[in-house]
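Novice: The structure under discussion is supplied below as C-alpha cells; questions concerning it will follow.
Throughout, read-outs are computed from the coordinates displayed, never taken from laboratory work. For clarity, every value in this text was computed on a predicted model and none was experimentally measured. Neighbour counts run over all protein chains shown; Cβ positions are idealised from the backbone, glycine included.
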Amino acid sequence: MNKFKKELIVLAVFLVAASAISIYFYGEFKESGVNKVPIHWNINNEADNFASPLVASLIGPAVIILIMVATVAMSRKEYSKSEKRSTRFVILLVAALMVFINWVTLKSASGYGTEEGFDISLVHLGLGLIFILIGNQFGKMPRSRWIGIRVPATLNNEEVWNRVHRKSGRLMVLSGACVIAAAFMGDKPGAVFFYIPLFVSLILMIFVLPAIEKKKVENEGKLNKNN
C-alpha cells in the first residue's frame, strides 16, 4: 500500500492546477503570435533564456509529475509517524511552490515585449508566505532523518531539538513577514534589505541557538542532579 496515497491525491490536484495555468497562458501566447517566450530573467530583470510557448507551458506540469514520481519512490521506505508527517509537509510545500512559480513565470512571460519584466513582487510575496508556513511547522517538527536543523546539538538531544525548532519557528515567521514587506518595493534595489532578517535568522538558527540551548539543557541537567 502506498504510504503517501493522500498526498498523491493532493499532488494530482496541483497537477490539474498547473495544467490549467499552462493551458490558459499557452492560449495567450498563441493568440499573440509569439514563437518564443522568456523562461529566465537575469539579476537586472532582463530575459536571457527563451523557449517555445509549448515548452514553456509544459515545464510546470512536468515538474509536478516528477514530484509525484519521487513521492511514489519515497513510499517504498519505512517512516515513523512523525517522519511521515514532516515528509508530507515538505512534499506538498514544494509542489505548491512549483505551481506558484509556474504561474508567476508564465504571467511574466506574457508581458514580454512590453515594459514589464519578471514580476518580482509576487516572488517576494510567495517566498514570505512559505517562510511563515515553515515557521509555523518548525515548532511542531519532531526529530527527522532529513528535515530540520540537523546539527550535532539537536540530533543528540531531543529537548535541544524541540527548543531550537520552537524558537527558530518564531524567527522564520518574523523573517517571512519582512520578506512579504519587500513586495511593496518591487524590483527596486532596496528590496534586498528586507531579506537581512532572514539571513540573520539563518545564522542564529544554525550556529547560535543550538549552542545556547545545548548549554541550557546541560546546566538544567546538572541542577536536577544536585537537587
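Novice: Mind listing the phi-derived Karplus ³J(HN,Hα) values for region 191-207, rounded to whole Hz, using 6.51, -1.76 and 1.60 with θ = phi - 60°, and x for any glycine or proline?
Specialist: My calculation for region 191-207 gives 4, 5, 5, 6, 8, 4, x, 5, 5, 5, 4, 4, 5, 5, 5, 8, 10 Hz in order.
Novice: Give me a comma-separated list of calculated 3J(HN,Hα) values for region 151-162, in order, Karplus coefficients 6.51, -1.76, 1.60 applied at θ = phi - 60°, integers in Hz, x for any Gly or Pro.
Specialist: 10, x, 4, 7, 6, 8, 8, 5, 5, 5, 4, 5
Novice: Please tell me the relative contact order of the chain in percent, rounded to the nearest whole number, where contacts are Cα pairs under 8 Å and at least six residues apart.
Specialist: Working: 282 pairs, mean separation 41.6, N = 227.
Here the relative contact order equals 18 percent.
Novice: What's the extension gain from PHE199 to LEU122 if we count 0.36 nm per residue and subtract their Cα-Cα distance?
Specialist: 25.7 nm
Novice: Right, next: Please work out whether region 65-196 counts as rounded, prolate or oblate from its C-alpha gyration tensor, where a ≥ b ≥ c are the square roots of the eigenvalues and a/c under 1.5 means rounded, while otherwise a/b larger than b/c means prolate and anything else oblate? Provide the component values of the computation, followed by the final result.
Specialist: On the way: a/c = 3.64, a/b = 1.50, b/c = 2.43.
Note, shape of region 65-196 comes out oblate.
Novice: How large is Rg over Rh for region 119-227, taking Rg from the Cα atoms and Rh as the Kirkwood inverse mean of 1/r across Cα pairs?
Specialist: Ratio value, two decimals: 1.11.
Novice: Run lengths n ≥ 4 of DSSP H only: what is the helix-derived mean residue ellipticity at 222 nm for the chain, with -39500 (n - 2.57) per run over all residues, to the nearest 500? Before the final figure, lay out each step's value.
Specialist: Numbers: 8 runs with 153 residues, N = 227.
When only DSSP H runs of four or more count, the value is -23000 deg cm²/dmol.
Novice: Using amide H atoms built 1.01 Å from N in the peptide plane, name the residues 5+ places from PHE50, or on other chains, whose amide H lies under 5 Å from its own.
Specialist: Distant-sequence amide H within range of PHE50: ILE39.
Novice: Now for a different question. Quick check: the angle from helix 5-32's long axis to the longest principal axis of the chain, C-alpha only, nearest 10 degrees?
Specialist: 30
Novice: Could you sort 63-69, 171-177 so that the peptide with the highest average Cβ count within 10 Å comes first and the rest follow in order? Write down the numbers at each step before the final one.
Specialist: Values: 63-69: 16.9, 171-177: 20.7.
Packing proxy ranking, top to bottom: 171-177, 63-69.
Novice: Next question. Binned at 10 Å from 0, what are the whole-percent values of the Cα-Cα distance distribution for region 1-111, short to long?
Specialist: Binned Cα distances yield the sequence 14, 39, 26, 15, 5, 0.
Novice: Now a separate question. For the chain, max minus min Cα coordinate along each principal axis, in Å, sorted largest first?
Specialist: Cα extents, longest axis first: 80, 50, 21 Å.
Novice: Another question, then. Could you name the lysines whose alpha carbon sits less than 26 Å from that of LYS188, not counting residues in the same chain fewer than 8 places away?
Specialist: In chain and number order, the partners are LYS107.
Novice: Report the local net charge at TRP103: Lys and Arg +1, Asp and Glu -1, summed over other residues whose C-beta lies under 13 Å from its C-beta.
Specialist: Net charge around TRP103: -1.
Novice: Follow-up. Between exposed GluC sites (Glu not before Pro) in the chain, where DSSP calls loop and at most 14 other Cβ atoms lie within 10 Å, what's the longest gap? Could you put the intermediate results ahead of the total?
Specialist: On the way: sites that count: GLU46, GLU78, GLU115, GLU116.
In short, 117-227.
Novice: Okay, next question. May I ask you to evaluate 6.51 cos²θ - 1.76 cosθ + 1.60, the Karplus curve with θ = phi - 60°, for each residue of region 37-50 and list the ³J(HN,Hα) values in order in whole Hz, giving x for glycine and proline?
Specialist: Calculated HN-Hα couplings, in order: 9, x, 10, 8, 10, 7, 5, 8, 6, 10, 5, 10, 8, 10 Hz.
Novice: Right, something else. Quick one: check the C-alpha center-to-center distance for region 75-150 versus region 47-62, whole angstrom.
Specialist: 20
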